[in-house]
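Step one of this worksheet: look at the structure below.
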Amino acid sequence: QVQFVESGGGLVQAGGSLRLSCAVSGITFRSTSFNWYRQAPGQQREWVGSITRTGLTAYGDSVKGRFTASRDNGRNTVYLQMNSLKPDDTAVYYCQAPGYTTWGQGTQVTVSS
């Protein structure tokens, strides 16, 4: 059974940085692509970015140039480095793999102005 366990969120001032982690189990990690999503209160879940099995990345316009996804196949973990954070980045962040319906609990990121 696939599991996604996100961590690394917290409270940070605008302009600050955070690094999120997503530990994945129950899946052939090194052959799987992953997506990062976020959901702010009262809003729909938003795609943030993705990383393929070969390490290619793509990002939504709102985070492009500020966020960087990476992966460690030896640790079955996906990361999201978030720099130059803005109050609009406040949300619960999730990682997920295409084709799976399971979601983790997410990790809360709060950016104060």
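The values are calculated or read from the model by the stated rules, or taken from the named source; none is laboratory data. This one's a predicted model, so the numbers in the text were calculated from it and none came from an experiment. All Cβ positions, even for glycine, are placed from backbone atoms using ideal geometry, and neighbour counts span all protein chains on display. Note: areas computed on protein heavy atoms with side chains; ligands, DNA, RNA excluded. Shrake-Rupley method; radii C 1.70, N 1.55, O 1.52, S 1.80 Å.
Numerical summary
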quantity	calculated
Flag for THR54 being exposed (fewer than 12 other Cβ atoms within 10 Å of the Cβ), within 17 Å of VAL2 (Cα to Cα) and free of Cβ contacts under 8 Å to residues at least 40 places away in the same chain	no
Tally of residues being on the phi > 0 side of the Ramachandran plot and out of contact with any helix residue (DSSP H, G or I) (no Cβ under 6 Å at 6 or more places or on another chain) across the stretch 50-84	3
Top-ranked residue in the stretch 1-33 [being open to solvent by 70 Å² or more (accessible area, probe 1.4 Å) and among the charged types (D, E, K, R); ranked as farthest from ARG75 (Cα to Cα)]	ARG19
So GLN44, is it free of Cβ contacts under 8 Å to residues at least 12 places away in the same chain and among the polar types (S, T, N, Q)	yes
Residue within the stretch 34-43 that is crowded, with 16+ Cβ neighbours inside 10 Å and either among the small types (Gly, Ala, Ser) or outside any strand (DSSP E or B) (or both) present	no
Hits in the stretch 67-111 (condition: open to solvent by 60 Å² or more (accessible area, probe 1.4 Å) and without any contact (Cβ under 8 Å) to a residue 12 or more places away in the chain)	GLY74, GLY99, THR101
Filter pass, TYR59 being surrounded by 13 or more Cβ atoms within 10 Å (Cβ to Cβ), without any contact (Cβ under 8 Å) to a residue 12 or more places away in the chain, over 22 Å from GLN1 (Cβ atoms) and of a type outside the set (A, V, I, L, M, F, W, C)	yes
Residue list for the stretch 1-33, filter: assigned to a loop (DSSP other than H, G, I, E, B) and not hydroxyl-bearing (Ser, Thr, Tyr)	GLN1, VAL2, GLY8, GLY9, ALA14, GLY15, GLY16, GLY26, ILE27
